[in-house]
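Student: Below you will find the structure I want to go over with you.
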Amino acid sequence: REIDRGGMGQVLEGLAQDGSRVALKIILPGMEGSEALQQRFFNESWYASKVHHANVVEVREFGLHEERPWLAMEFLTGATLMKELGRVRRLAPSVAATLLDGVLGGLSALHDAGLVHRDLKPGNVMVLTDHASAPGGVKLMDFGLVRRAGRHPDEGLMGTPDYMAPEQLVGDDIGPQADVY
């Protein structure tokens, strides 16, 4: 069944060979011919598979099927921070601090690997139903724009403008500070 749909892919609930639930992200039909989109999809898979931390969604496998890239990740139960904020409108300071601690834990692992998320926003943070399953009860998701720290002029402006650091908006070198902004 479809769980979510984004600009370049859809996420389905599936079963792994061992019977466990997985989230299967596939590129949208009709986009498989775009080499640039396929490369972004594989970048997401590869970068996410390199970061192992309790606050980062676990990538299990990725590949290509009938010219369509796919990515199998751990299945998360909960809601995005964006949906949670829409529901409660305002977090209690202690809840916000706990969630932020988890987000920073995931970012720290990403930054320790020399990577920058470049699209950190409430829609890319999953607040887990089982808060005890990860520190702070959150996991970072959507590694589609993750890159090594530095400048990537060939890509143009990438990210969600409302959440971008000033240096990212003007195309300067970006590093961990851009994610923290």
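Residue-wise test of (1) farther than 15 Å from Ala79 by Cα; (2) open to solvent by less than 20 Å² (accessible area, probe 1.4 Å).
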| residue | (1), (2) |
| --- | --- |
| Leu100 | yes, no |
| Gly114 | yes, no |
| Pro122 | no, no |
| His131 | no, no |
| Leu140 | no, yes |
| Leu145 | yes, yes |
| Thr160 | yes, no |
| Leu169 | yes, no |
| Ile174 | yes, yes |
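Student: Oh, and also: What's the total number of residues in the stretch 108-136 that are more than 15 Å from Arg148 (Cβ to Cβ) and in contact with a Pro (Cβ under 7 Å, 6 or more places away or on another chain)?
Tutor: 0
Student: Let me ask something else. Does any residue of the stretch 78-91 turn out to be at pLDDT below 85, open to solvent by less than 30 Å² (accessible area, probe 1.4 Å) and assigned to a strand (DSSP E or B)? Steps first, answer last, please.
Tutor: At the first step, the residues of the stretch 78-91 found to be at pLDDT below 85 are none.
Checking the stretch 78-91: not a single residue is at pLDDT below 85, open to solvent by less than 30 Å² (accessible area, probe 1.4 Å) and assigned to a strand (DSSP E or B).
Student: Tell me, yes or no, whether the stretch 72-80 has at least one residue that is in contact (Cβ under 8 Å) with a residue 60 or more places away in the chain, touching a Leu at 6+ places or on another chain (Cβ under 7 Å), farther than 21 Å from Gly7 by Cα and of a type outside the set (D, E, K, R).
Tutor: The answer is no; no qualifying residue exists.
Student: Right, another one. Read through the list (1) in contact with a helix residue (DSSP H, G or I) (Cβ under 9 Å, 6 or more places away or on another chain); (2) assigned to a helix (DSSP H, G or I); (3) within 27 Å of Met31 (Cα to Cα), then give the number of the only condition that Thr98 fails.
Tutor: (3)
Student: I've got another one for you. Among (1) over 28 Å from Asp18 (Cβ atoms); (2) crowded, with 19+ Cβ neighbours inside 10 Å, where does Met126 come up short?
Tutor: (1)
Student: Name every residue in the stretch 1-15 that is open to solvent by 30 Å² or more (accessible area, probe 1.4 Å) and not in a strand (DSSP E or B), in order of residue number.
Tutor: Listed by number, the residues that qualify are Arg1, Gly6, Gly7.
Student: Here is a follow-up. Please state which one of Val138, Val146, Val125 is within 22 Å of Phe41 (Cβ to Cβ), aliphatic (A, V, I, L, M), modelled with pLDDT of 90 or more and in contact with a helix residue (DSSP H, G or I) (Cβ under 6 Å, 6 or more places away or on another chain).
Tutor: Working: Val138 fails: within 22 Å of Phe41 (Cβ to Cβ); Val146 fails: modelled with pLDDT of 90 or more.
Within the list Val138, Val146, Val125, the selection yields Val125.
Student: A further question on this structure: Residues of the stretch 31-45 being more than 23 Å from Leu15 (Cβ to Cβ), in contact (Cβ under 8 Å) with a residue 60 or more places away in the chain and either among the hydrophobic types (A, V, I, L, M, F, W, C) or open to solvent by 40 Å² or more (accessible area, probe 1.4 Å) (or both), which ones? It would help to see each step written out before you state the result.
Tutor: From the stretch 31-45, those more than 23 Å from Leu15 (Cβ to Cβ) are 31-40, 42-43; that's our starting set.
Of the ones still in play, those that are also in contact (Cβ under 8 Å) with a residue 60 or more places away in the chain are 40, 43.
The answer is Arg40, and nothing else.
Student: Of all residues in the stretch 26-72 being under 18 Å from Gly106 (Cβ atoms) and in a strand (DSSP E or B), which is modelled with the highest pLDDT?
Tutor: Val56
Student: For the stretch 46-58, enumerate the residues that are without any contact (Cβ under 8 Å) to a residue 60 or more places away in the chain and surrounded by 21 or more Cβ atoms within 10 Å (Cβ to Cβ). Walk me through it before giving the result.
Tutor: Within the stretch 46-58, the first condition is being without any contact (Cβ under 8 Å) to a residue 60 or more places away in the chain, and the residues that meet it are 46, 49, 52-53, 58.
Correct list: empty.
The values are calculated or read from the model by the stated rules, or taken from the named source; none is laboratory data. All of these numbers come straight from a predicted model, not from anything done at the bench. Cβ: placed from backbone, ideal geometry, glycine included. Neighbour counts: every protein chain shown. Each accessible area value is taken on the protein alone, full model and side chains, heavy atoms only, with ligands, DNA and RNA left out. Shrake-Rupley method; radii C 1.70, N 1.55, O 1.52, S 1.80 Å.
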